[in-house]
């Protein structure tokens, strides 16, 4: 199979990133994932895994961990979702995306097994997770940093063994699937914690932390908590970088610099430091220099990313009310602007009312649109949640951006947010303009 044939083939699988399941328990079944991996000689069982779950900051935290491991001279695999422009973004080793030929070769080799399981409603995410495990095993990575897709307990990635758990901040999301309280959602996320293991958690709401601590106690997992065992001293916030200090039980990391913007990224970096320090359990000691270089070199597209300077265009995948609050705070810290032009598209299963309420507070002009994704909400639905702001509606994101450019004046800021699918589309447009 060619790479393009592989892309078309994988697109035949049920994709819950585009259409949410009607039956959660039927759609997410670890038994099916384990059967598929059994047909592939269980590549996941030979991997040392750092498993990242949470509501906010999963991808950024996973990227930070991977970058530090790379600077330590280790081969670090990274598996994340969704992608912005290419399937290949989901699977990488030391910042190198999986090669087209490698992906084609793996899928060609395991197509009979995939076909056998497709009859049992194997999903795209399950298939791609299996591909990642097989690729990481074949390339003999030292560690695989794995981001959960949805939840944790029944997520396809939760077949991982020998894993260190990292829990990023938990808040309400996918309430129709994961539960309608932070406590219920925390139960789903904390289920990635394994017996006799090590866990790291970002600061949490009390109800989420209670769950995490309870699970760690029952599973005899040592918990390191940012804010209690890992301390942060926030420093300077600049347009393109921010500096901070971190202290842990094992070391001090003064004057760190990070290109990722927002106070929440400092918290993600602290959790990442905690994660790599736990590798002492494997007799691996990560140096202060590797931590410093790894954090400073980390890039993570679509998260407070500057797509253009003139006019200033920033894209961020804020997908709930708390992420929207963090985004607003980060914009105020890092950028000076006169007016904010908001280009907003949201998936229909998100907290549309909450996101619109928060983001419209800072917006001077609102442009509502949708990504080319079946889950994208109709802009007319978003319009009902926008109060006291001038609005324009477009069904096509390219038309929405044309409107934003025509509306923007000198010293204005165009913010594209609400959906990573929308961010991916706009990134593609800006790259066209720049090329």
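The values are calculated or read from the model by the stated rules, or taken from the named source; none is laboratory data. Computed from a predicted model, the values in this text were never measured in an experiment. Glycine also receives a Cβ, built like all others from the backbone with ideal geometry; neighbour counts cover every protein chain displayed.
Just checking, does the range 102-110 include any residue being part of a loop (DSSP other than H, G, I, E, B) and within 17 Å of residue 33 (Cβ to Cβ)? Within the range 102-110, none of the residues are part of a loop (DSSP other than H, G, I, E, B) and within 17 Å of residue 33 (Cβ to Cβ). Look at (1) at pLDDT 95 or above; (2) loosely packed, with under 14 Cβ neighbours inside 10 Å; (3) under 19 Å from residue 296 (Cα atoms) and you find that residue 247 fails only one, number (2). A count restricted to the range 276-320 and to residues that are crowded, with 17+ Cβ neighbours inside 10 Å and within 20 Å of residue 82 (Cα to Cα) stands at 15. Looking at the range 276-315, which of its residues are free of Cβ contacts under 8 Å to residues at least 60 places away in the same chain, assigned to a loop (DSSP other than H, G, I, E, B) and closer than 22 Å to residue 95 by Cβ? Listed by number, the list holds a single entry, 304. Scanning the range 153-167 for residues that are part of a loop (DSSP other than H, G, I, E, B) and either closer than 14 Å to residue 199 by Cα or not assigned by TED's automatic domain parsing to the domain that holds residue 286 (or both) yields 161, 162. If you go through the range 165-186 and pick out every residue that is within 20 Å of residue 33 (Cβ to Cβ) and modelled with pLDDT of 95 or more, you end up with 1. Here is the figure for the range 399-424: residues that are under 20 Å from residue 82 (Cβ atoms) and surrounded by fewer than 18 Cβ atoms within 10 Å (Cβ to Cβ) total 0. Taking the listed residues 390, 379, the one that is outside the structural domain of residue 83 (by TED's automatic domain parsing), touching a strand residue (DSSP E or B) at 6+ places or on another chain (Cβ under 7 Å) and surrounded by 13 or more Cβ atoms within 10 Å (Cβ to Cβ) is 379, with no other qualifying. Among the residues of the range 240-253, not a single one is assigned to a helix (DSSP H, G or I) and either over 21 Å from the mean Cα position of the chain (by Cα) or over 30 Å from residue 293 (Cα atoms) (or both). One residue alone among 127, 144 is more than 27 Å from residue 418 (Cβ to Cβ), assigned to a helix (DSSP H, G or I), in the same structural domain as residue 18 (by TED's automatic domain parsing) and within 22 Å of the chain's Cα centre (by Cα), and that residue is 127.
Just to be sure, is residue 78 touching a helix residue (DSSP H, G or I) at 6+ places or on another chain (Cβ under 7 Å), closer than 22 Å to residue 292 by Cα and in a helix (DSSP H, G or I)? So residue 78 does not fit the description; no.
If we scan the range 108-116, do we find a residue that is over 26 Å from residue 222 (Cβ atoms) and touching a helix residue (DSSP H, G or I) at 6+ places or on another chain (Cβ under 6 Å)? Yes. In the set (1) assigned by TED's automatic domain parsing to the domain that holds residue 214; (2) buried (at least 18 other Cβ atoms within 10 Å of the Cβ); (3) part of a strand (DSSP E or B), residue 273 fails one condition alone, (3).
Among the residues of this structure, residue 186 counts as one that is without any contact (Cβ under 8 Å) to a residue 60 or more places away in the chain and either part of a loop (DSSP other than H, G, I, E, B) or in contact with a helix residue (DSSP H, G or I) (Cβ under 9 Å, 6 or more places away or on another chain) (or both).
For (1) under 21 Å from residue 261 (Cβ atoms); (2) at pLDDT below 95, each residue gets a yes or a no:
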{"position": "350", "(1), (2)": "no, yes"}
{"position": "383", "(1), (2)": "no, no"}
{"position": "405", "(1), (2)": "no, no"}
{"position": "430", "(1), (2)": "yes, yes"}
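Taking the range 192-239 as the range and being within 21 Å of the chain's Cα centre (by Cα) and either farther than 23 Å from residue 171 by Cβ or not in a strand (DSSP E or B) (or both) as the test, the residues that pass are 192, 193, 202, 203, 204, 205, 208, 209, 212. If the condition is being within 11 Å of residue 159 (Cα to Cα), assigned to a loop (DSSP other than H, G, I, E, B) and modelled with pLDDT of 95 or more, then the range 21-46 contributes only 42. Suppose the filter is at pLDDT below 95, in the same structural domain as residue 161 (by TED's automatic domain parsing) and over 25 Å from residue 292 (Cβ atoms); does residue 86 pass it? Taking the combined requirement at face value, the residue satisfies it.
Being touching a strand residue (DSSP E or B) at 6+ places or on another chain (Cβ under 6 Å) and surrounded by 22 or more Cβ atoms within 10 Å (Cβ to Cβ) holds for only one residue in 44, 51, and it is 51.
Considering only the range 72-84, I want to know if a residue exists there that is farther than 19 Å from residue 131 by Cβ, surrounded by fewer than 24 Cβ atoms within 10 Å (Cβ to Cβ) and out of contact with any strand residue (DSSP E or B) (no Cβ under 9 Å at 6 or more places or on another chain). Yes, the range 72-84 contains a residue that is farther than 19 Å from residue 131 by Cβ, surrounded by fewer than 24 Cβ atoms within 10 Å (Cβ to Cβ) and out of contact with any strand residue (DSSP E or B) (no Cβ under 9 Å at 6 or more places or on another chain). State yes or no: is residue 225 at pLDDT 95 or above, over 29 Å from residue 355 (Cα atoms) and either surrounded by fewer than 21 Cβ atoms within 10 Å (Cβ to Cβ) or in the same structural domain as residue 28 (by TED's automatic domain parsing) (or both)? Taking the combined requirement at face value, the residue does not satisfy it.
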